[in-house]
Amino acid sequence: MNPVLHFPVLNSTNAYAKTHAQELADGTVVCADEQTAGRGRFDRVWVSQLGGLYFSLLLKPQQTAYLQNLTQLMAVSVCQAVRELGADAHLKWPNDVLVNEQKICGILSEAVLKQNRFYALVLGVGINVNQNSLPDVGRPAATLKNLGIPADKSALLNRVLTLFNARLQNALTQGFAAFAADYKNWFPYLGKTVSITNGGQKLFGVAENISSAGTLVVKMPEGLREFSIGDMNA
Ligand code: BTN
């Protein structure tokens, strides 16, 4: 069981978990009903009104080789949990969960350094659950409620953590060999034309593969290119 710290309001669960990383145990979950300064990838704002599920899982892994995998294992776990509720969810690389091409979950992973060395990983998860509406952020988004799917936030949190812990345990004992196959089960874009925004450039190609390291391999006119960071769109 993960220790869970629950707050009615925080600026950001990621910020709290990072600030308190030393005194919090490995596996602690920091959860808030609302965030006043929720943050997304690429310094975007993550609007965090009442009704959404906002939490950060603090991990203190022994090695850093699999950090991207850990973030994506969380995405797979969220995807599975919302599918179990009846949503036709899939993954958009690297770690968004979409339903009908509308985003219902985003994940921001951040490293915590101690004396300039990696100390902990914070996996911050925002799931659009029971908000009645979402502000227009220029990208399609939906809540489970909008999709007609009733969900209990604490049951959803527990299910996501159960699924994540099982995958993590499996990976720690048997290695991450099964990672790509697991991820690809939830990723419907292979063989499709996608765009990748990377370092200010928008590039087009055909999504060829997800590697065991979680990178996206894209076939481009000049050959195969592997991306470890970026925004993919179909
Ligand atoms: C994204 O840009 O898609 C990632 C969004 C991550 C939002 C979550 S909500 C809980 C945690 N605290 C934050 O400030 N951000 C993450």
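The values are calculated or read from the model by the stated rules, or taken from the named source; none is laboratory data. A quick note: this is a predicted structure, and the numbers were derived from the prediction, not measured. Cβ sites come from the backbone with ideal geometry, for glycine too, and all protein chains shown count toward neighbours. In case anyone asks, the SASA skips ligands and DNA or RNA and just uses the protein heavy atoms, side chains included. Shrake-Rupley method; radii C 1.70, N 1.55, O 1.52, S 1.80 Å.
Points worth noting:
- Here GLU101, GLU110 are screened, and the one residue that is over 9 Å from the mean Cα position of the chain (by Cα), within 12 Å of the ligand (Cβ to nearest atom) and of a type outside the set (A, V, I, L, M) is GLU110.
- Filtering the range 7-20 to residues that are surrounded by fewer than 19 Cβ atoms within 10 Å (Cβ to Cβ) and in contact (Cβ under 8 Å) with a residue 12 or more places away in the chain leaves PHE7, PRO8, VAL9, ASN11.
- Meets criteria (open to solvent by 50 Å² or more (accessible area, probe 1.4 Å) and at pLDDT 95 or above) for ASN233: no
- Positions within the range 28-62 being within 10 Å of the ligand (Cβ to nearest atom) and of a type in the set (D, E, K, R), in sequence order: ARG39, ARG41, ASP43, ARG44
- Verdict on GLU110 being modelled with pLDDT of 95 or more, surrounded by 14 or more Cβ atoms within 10 Å (Cβ to Cβ) and of a type in the set (D, E, K, R): yes
- Look at (1) assigned to a strand (DSSP E or B); (2) in contact with a Lys or Arg (Cβ under 8 Å, 6 or more places away or on another chain) and you find that ASN130 fails only one, number (1).
- ALA155 vs. criteria modelled with pLDDT of 90 or more, among the aliphatic types (A, V, I, L, M) and open to solvent by less than 20 Å² (accessible area, probe 1.4 Å): no
- Of the strands (runs of 3 or more DSSP E) lying entirely inside the range 48-108, those carrying at least 2 residues that are within 12 Å of LEU123 (Cα to Cα) are 53-59.
- Exclusive hit being surrounded by fewer than 23 Cβ atoms within 10 Å (Cβ to Cβ) and in contact with a strand residue (DSSP E or B) (Cβ under 8 Å, 6 or more places away or on another chain), set GLY38, GLY27, GLY52: GLY27
- From GLN131, GLN102, residue being in the same structural domain as ARG39 (by TED's automatic domain parsing), open to solvent by less than 10 Å² (accessible area, probe 1.4 Å) and out of contact with any helix residue (DSSP H, G or I) (no Cβ under 6 Å at 6 or more places or on another chain): GLN131
- Residue check, GLY191 part of a loop (DSSP other than H, G, I, E, B) and either without any contact (Cβ under 8 Å) to a residue 12 or more places away in the chain or surrounded by 19 or more Cβ atoms within 10 Å (Cβ to Cβ) (or both): no
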